[in-house]
Structure formats: structure tokens, C-alpha cells
Amino acid sequence: MNDQSYSTGVSVSGRPSRRARERVATPMSRLRPVSGGVVETFRTHIIPKIVLALRSLPAVATPAPADQAAPNAIETFARLAVGVDDEAAFAHVEQLLASGSSVESILLDVLAPAARHLGELWETDTEDFVTVTLGVSRLHRIMRRLGDSFFNDAHAGSNGKSVLLTIIPGEQHSFGLSMVAEFFRRAGWNLCTGPFSSHQELISLVQSHWFDVVGFSISCDRRLDELKHDIDAIRRDSRNRHVGIMLGGPMIIMQPDLVAFLDADLLATDAAVAPQQAHELIQRMNHPV
């Protein structure tokens, strides 16, 4: 069960401005005849989730340009990601690698803030849904291409531990969760990722497969009661009755008290150190004081 993936996408919740929703819905409706329900779903559910998932990625401080009107490095890279040249953004990443930047620094200091910036462009009506979606798709592609190099740079074989990383069933995949998964894969974990179409699908998986840790990324507070129910079910029905529960994502970082409320074991705030935190959690659970 190495590096399974059930689906891909971006995850969040929220609602863009009325002007943004109207501007996006009109061009989409001209592409081909669609039902009113489909258009409404995109306007009120899918689009807002993509926006806030990107906006919720951790901010990275970047030096301000001497000319305050000039774009900084992240803004410049984001422009490449949405430009007409399909390979321009990756070419820029290759230049960074050639100049000595590590894959880890590019993941954390370039791709993550660029995705966040794209979300802000959508939210402020600077770019439309199609443009932002194109940019995010290219960032995902770059991350996958970097992932093999990132994995090979440090991977010395499986560490024998398994982790399931996902979000609340019914939500969509997040860019941030994909990045955390790369760090676990690099650290030698057997990796399985969501999201899942239903709560039963999630519970059935932990019943039939052994996971040392199950991690959830939380980007909003809309479905916390469902998540608490899932965590209770995982602890009750999991094949590993001592499974560790790890939480991460913007909502849990803003409200760390939710870790106790949701009966979780660990708060992960940094993708780069999350695998080590998970490893230490397993040790504590297997050798309680």
C-alpha cells in the first residue's frame, strides 16, 4: 500500500464576492449548455473552496522590492504559473535548482506561497476562476515532478510505518495536504491519501488496513462535528487500536484548542517536521510513561 491516491483537487470553504461569482459564472455558462444546478454548485461550493484553500496556505515572508510597485519574487512566479507558456514556471524552478536551491525550499518557500497568492488574486477579483485553476494545476504538476527528486534525494528505504493523510469526507483535496504527503513519502512512510467520498469509505479503509497514524488537514470549521465523529469511529474500529491522530491545516493552527476538543494526539504546524512529529507520537503511544 505505497503512495495510494484516491483523488486530487483543492480543499476549502468560504464565499467570494458577488461580483467575482457573477464574473465567473457567465463565461462558464457560455462554454456549453449546463443545468442551473451545476452552475450554482460551481458558484457557491466549488469555486469558494478553491479560493480559501489557497489563501489558507502558510504565508512566507518575502523581501519587499525596492520599487514598491514592482512585483516580488512570489508574485513573479505566480504570473509565470498563469501565463501562456505552459513550461515557464517549471523552467524558473529548474533555474532555482541550478543555482543551488533545495527542493525542500522550493516546495515551502516558492510553491506554497505562490498558491496562496493565487487564492488572494481570485478573492480580490484580480484574476478569474479559470486563470487561477490553470495556475494551481501547473503548481500541482511542478510539485509532482519535484516529488520524485525530493524522494530520491533522501529516501533510504521504507521505515515500516504507515500514514493516512486526508480531510473530512466530502471536502476536496488541498494543495497543502499534497505537500505534506511529499514530506512523509520522502521520510520513507507508506503513504495513503484521500479525500474520500463518504465517511463509511474512510472507516472501511482503517478497518481493513493498518495505519500507525491518521492525519487530517482542517481548513474551516463547518464540519468539525463530523470530524469528531470520524475520529471516534477510527479509534473504536481501526485495525490498529492504538492509532495516532494528527491534525494540521489553517483552522487547527488558528485554534489549537480544537486538538483536545476533537480528541486528537498531535498538532502539526510545519510540513517539513510533521513526519518526525508523527514518528515521535508512535513512540510515545507504544511506550507510554
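Tabulated values for the structure
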quantity: Neighbour-count ranking [beta-carbon atoms within 10 angstrom, fewest first] of Cys192, Cys220; calculated: Cys220, Cys192
quantity: Top positive-direction residue, dipole computed over region 192-256 with Cβ charges, set Phe196, Leu227, Val243; calculated: Val243
quantity: Mean Cβ neighbour count within 10 Å, used as a protection proxy, ranking 80-87, 274-281 highest first; calculated: 274-281, 80-87
quantity: Proxy reagent accessibility, fewest Cβ within 10 Å first, across Arg284, Arg236; calculated: Arg236, Arg284
quantity: Using alpha carbons only: equivalent-ellipsoid semi-axes of region 175-259, gyration tensor based, whole Å; calculated: 19, 18, 12
quantity: Asn72/Asp270 FRET efficiency (R0 30 Å; Cβ-Cβ; nearest 0.05); calculated: 0.85
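Every number in this text was worked out from the coordinates using simple rules, so none of it is lab data. These numbers were taken from a predicted model, which means no experiment stands behind them. Here Cβ is always computed from backbone atoms with ideal geometry, including for glycine, and neighbour counts include all displayed protein chains.
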